[in-house]
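Engineer: To start, I am sharing the structure in question, which I have written as structure tokens.
The values are calculated or read from the model by the stated rules, or taken from the named source; none is laboratory data. The shown structure was predicted, so the numbers you read here are calculated from the model rather than taken from an experiment. Counting neighbours? That spans all protein chains shown, and the Cβs are built from the backbone with ideal geometry, glycine included. Please note that ligands, DNA and RNA were not included when accessible areas were found on the heavy atoms of the full protein model with its side chains. Shrake-Rupley method; radii C 1.70, N 1.55, O 1.52, S 1.80 Å.
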Amino acid sequence: MGTRTVLQHSDITRALTRIAHEILEANHGASDLVLLGIPTRGAVLAERLGRVLADIEPEWAADSAQRVGTLDVTMHRDDLGHGIGRAPQRTTIPTSGIDGKVVVLVDDVLYSGRTVRAALDALQGIGRPRAVRLAVLVDRGHRELPIRADHVGKNLPTASDERVTLRLTETDGADEVVIEQPEPADQQPGSQLPGSQQPGSQHPRSQQPGRQHPGSQQPGRQHPGSQQPGSQQGGVA
């Protein structure tokens, strides 16, 4: 399996800084703004984004610790009945709540959109925000639901069979985004190379017993162009 690194620490830092500026611009400042990170790495990114906002906007810096929380979506996922087990994470809501606030959901990689749908369902049981926006570090496409991110750190076109992995220092010891590419089918164990013949199979051009090849001569039949006894071949003395 081949891997390639598409984002490193400096790239992630720049992406979060750009997202922070976009959030403030779209909200016309930091008034009524709340960040909710989706565990695990979305929660880490929300904390980082909160620190970047504090460096940019004095209003946010005054009470930034009361504006960042986490939102667990485990019990709202649509794959719970498919044997996929996930341990519930902790949900922490800012003391001021989310009613009438602009909530920015923060996640690491946007893919099918099902995690975000679960987050929207989870919000219904907590409060009624004035608006909900979505910020993601990576958007890799292949959406299965009509969901779009408002703020994206990196649009990353990928194939559906590729795997995008985000690692963060707080959880993984390093900052990077890696794409893992599957092995070609002709290099996987037990795979048949194109054009190779499987054991026991008949080659398309091989002659089966009892079957006459188109160019072969049947017994007692004169091949066109052959000379019968006593006849003269044209052009030959």
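Engineer: Would you please name the residue that is most open to solvent (accessible area, probe 1.4 Å), looking only at residues in the stretch 68-82 that are at pLDDT below 90 and part of a helix (DSSP H, G or I)?
Structural biologist: Looking only at the stretch 68-82, we keep the residues that are at pLDDT below 90, and these are 76-82.
From what's left, part of a helix (DSSP H, G or I): 76, 80-82.
On the way: His76: 74, Leu80: 73, Gly81: 78, His82: 140 Å².
That would be His82.
Engineer: To continue, here is another question. Would you mind finding the one in Ala43, Ala65 that is surrounded by fewer than 20 Cβ atoms within 10 Å (Cβ to Cβ) and among the hydrophobic types (A, V, I, L, M, F, W, C)?
Structural biologist: Values: Ala43 fails: surrounded by fewer than 20 Cβ atoms within 10 Å (Cβ to Cβ).
One residue alone meets the criteria, Ala65.
Engineer: In the stretch 7-32, which residues are farther than 27 Å from Lys101 by Cα and exposed (fewer than 15 other Cβ atoms within 10 Å of the Cβ)?
Structural biologist: Gln8, His9, Ser10
Engineer: Could you please tell me which pairs satisfy a Cβ distance under 9 Å, a separation of 6+ or placement on different chains, a first residue in the stretch 111-135 that is farther than 21 Å from Arg48 by Cβ and charged (D, E, K, R), and a second residue that is in a helix (DSSP H, G or I) and open to solvent by 30 Å² or more (accessible area, probe 1.4 Å)?
Structural biologist: Arg117/His76; Asp121/His76
Engineer: Sticking with this structure for a sec: Under the condition of being farther than 16 Å from Gly42 by Cα, part of a loop (DSSP other than H, G, I, E, B) and of a type in the set (A, V, I, L, M, F, W, C), which residue from the stretch 90-138 is most open to solvent (accessible area, probe 1.4 Å)?
Structural biologist: Checking each candidate, the answer is Ile126.
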